[in-house]
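Handing you this structure, nothing more for now.
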Amino acid sequence: MTLGLFTLILFCGAILAGFLGSLTGLGGGFVIIPLLTLAFGVDLRYAIGASLVTSIASSSGAAAAYLKEGITNIRIGMFLEIATTTGAVVGALVAIYLNNGFIAVLFGCVLIFSSLRTIFYKKTEADPNEKGDPLGEKLHLNSSYITREGEVVRYKVQHVLGGYSLMTLAGVLSGILGIGSGALKVLAMDTAMKIPFKVSTTTSNFMVGVTTAASAVIYLQRGYIDPGLAMPIVTGVLLGAFLGSKILPKANVRNLRLLFSVVIFIVAITMMYNGLSGKL
């Protein structure tokens, strides 16, 4: 296979990854890493490095758009970034010394967990009358946002320390696997901290760029970020995410998520099999 053909196929695969990632909310890394390792035989660490660079680019573009809407809670984002960034650095440092097979099995477990969360996840509506966490009040994390209909939605943050701990774990997994660990962030922000779904989604996206940048520095120092891999992937994922954002309002997202979750489950089993059999 020539370099030009490889780049073209990689670019098309990245468009698909960005497209599916934007429709399902799982992110392109869930597709990019299996695509590179299983389809093209790229070393797992280089695949993770490329995925991290992609996450930085896609998160930065989306975060800017969400900030303009006024839904993102910057205070919560900056507070929880301490947890995710610390975890991401630790994860990236540890990942260097982990066996590829172990990382592949761990990646497969996270894929399965994420696919199940996507299928069975139910939105939890915060009770505006519920008393907030005292620590959240001291840090001024409670806030509000205005819906498109002009309604003011107020919310109070719950279980701040529990959410912080889960975010640290999400950061560690992000540093090891090169993905956004969106399922764990949903657990932390939406389920544990009782932050409204729109706020948790936009704030999580705001945090991803900083989290993955911390991990990417470690991978860059170790020489695991290849510009030849990263460039077509970043461009393709951004294009795919843009196309997905245009189709999302008209698409049956529930069916798409079910289909994508089944595919992700199959990919997870394949990754775990290859990791256990030493093929990665």
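Each reported figure results from applying straightforward, stated rules to the coordinates on display, with no laboratory input. No experiment lies behind these values; they were computed from the predicted model shown. Every residue, glycine among them, receives a Cβ derived from its backbone with ideal geometry; neighbour counts consider all protein chains shown.
Could you work out the helix-only [θ] at 222 nm for the chain, with each DSSP H run of four or more residues adding -39,500 (n - 2.57) and the total divided by the number of residues, to the nearest 500 deg cm²/dmol?
Rounded to the nearest 500, the figure is -23500 deg cm²/dmol.
Considering the values (i) 117; (ii) 144; (iii) 164, which represents volume of the Cα convex hull per residue in Å³ as calculated for the structure under consideration?
So the structure-derived entry is (i).
Most exposed first by the Cβ proxy, i.e. fewest other Cβ within 10 Å, how do F120, F113 rank?
F120, F113
Which length gain, in nm to one decimal place, applies between Y273 and K138 when the Cα-Cα distance is subtracted from 0.36 nm times their residue separation?
Gain on extension, Y273 to K138, equals 43.8 nm.
Now for a different question. What is the gain in length, in nm to one decimal, between M231 and K68 on full extension, counting 0.36 nm per residue of separation less the C-alpha to C-alpha distance?
So the extension gain works out to 55.9 nm.
Step through the residues of segment 11-19 one at a time and calculate ³J(HN,Hα) from phi using the Karplus curve (6.51 cos²θ - 1.76 cosθ + 1.60, θ = phi - 60°), rounding each to whole Hz and writing x for Gly and Pro.
Whole-Hz 3J(HN,Hα) from phi for segment 11-19: 5, 5, x, 5, 4, 4, 5, x, 5.
Going by how many other Cβ atoms sit within 10 Å of their own, how do L220, L184 line up, fewest first?
L220, L184
What pairs in K138/K194; K68/K198; K138/K185; K68/K138 have C-alpha atoms more than 19 Å from each other?
Checking Cα-Cα distances, K138/K185; K68/K138 exceed 19 Å.
I need the phi-derived Karplus couplings for segment 46-52: 6.51 cos²θ - 1.76 cosθ + 1.60, θ = phi - 60°, integer Hz, Gly and Pro marked x.
Coupling constants for segment 46-52: 5, 5, 5, x, 5, 5, 5 Hz.
Something else now. How about K131: which aspartates and glutamates have a C-alpha closer than 19 Å to its C-alpha, ignoring those fewer than 8 places off in the same chain?
Filter leaves D190.
Placing +1 on the Cβ of each Lys and Arg and -1 on the Cβ of each Asp and Glu in the chain, which of M193, V262, G29 has its Cα farthest towards the positive end of the resulting dipole?
Of the candidates, V262 comes out farthest on the positive side.
Same structure, new question: Would you work out the relative contact order for the chain, in percent, from Cα pairs under 8 angstrom that are 6 or more residues apart?
39
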